[in-house]
């Protein structure tokens, strides 16, 4: 816990002083892990947009500099992951996976009749963060026949959509270039 708090202070101070990008009170979720598998703890943050903005939350990924006690920004992607902190069941989330990947979660599990959840798995490959996995499910609370499920390995292009196997061309898509529309398109059964 002390390492995580120290990491957050080290990371957020340059943002608050130099970039004025986001103050510490806008951080809504964080996780640490060894994203590049060099034995050092790295960090990922989700930060909500400025008050009054219509943008989505930003995702900021930091890599520890080898042999130094500092983290460097590898990804600064504002307006990247949907989430609302005003309503339970709409919070964005992030977690470190045991294999060194990052899982980003967005959801609407509490408001309206259209409920959904989405997970992106990010992996560090060739000195960049790519979307390695995409999982999406949705259902209509009034029409239980109206459901969608997709689990896709983006790298291989193989997965399932609504219980049927799907295959697309595998791809290495940089996280900064990813959009939810790409995932929805890839999950359309052929």
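The values are calculated or read from the model by the stated rules, or taken from the named source; none is laboratory data. Note that the structure is predicted; figures quoted are calculated from it, not measured. Neighbour counts run over all protein chains shown; Cβ positions are idealised from the backbone, glycine included.
Looking for whichever is touching a residue at least 24 places away in the same chain (Cβ under 8 Å) and assigned by TED's automatic domain parsing to the domain that holds residue 35 here; the options are 106, 69, 138, 95. Which one fits? So that I can check it myself, show each step before the final result.
Values: 106 fails: assigned by TED's automatic domain parsing to the domain that holds residue 35; 138 fails: assigned by TED's automatic domain parsing to the domain that holds residue 35; 95 fails: assigned by TED's automatic domain parsing to the domain that holds residue 35.
Matching residue, one of 106, 69, 138, 95: 69.
Based on what the data block shows, is residue 160 without any contact (Cβ under 8 Å) to a residue 12 or more places away in the chain and in a strand (DSSP E or B)?
Values: without any contact (Cβ under 8 Å) to a residue 12 or more places away in the chain: yes; in a strand (DSSP E or B): yes.
Considered against the rule, which asks whether it is without any contact (Cβ under 8 Å) to a residue 12 or more places away in the chain and in a strand (DSSP E or B), residue 160 comes out as yes.
Residues of the range 113-121 include none that is at positive phi, surrounded by fewer than 15 Cβ atoms within 10 Å (Cβ to Cβ) and modelled with pLDDT under 95. Could you say whether any residue in the range 49-59 is under 20 Å from residue 123 (Cα atoms), surrounded by fewer than 20 Cβ atoms within 10 Å (Cβ to Cβ) and touching a strand residue (DSSP E or B) at 6+ places or on another chain (Cβ under 6 Å)? Among the residues of the range 49-59, not one is under 20 Å from residue 123 (Cα atoms), surrounded by fewer than 20 Cβ atoms within 10 Å (Cβ to Cβ) and touching a strand residue (DSSP E or B) at 6+ places or on another chain (Cβ under 6 Å), which makes the answer no.
Restricting attention to the range 140-157 and to residues that are touching a helix residue (DSSP H, G or I) at 6+ places or on another chain (Cβ under 8 Å) and outside any loop (DSSP other than H, G, I, E, B), the residue that is nearest to residue 122 (Cα to Cα) turns out to be 152.
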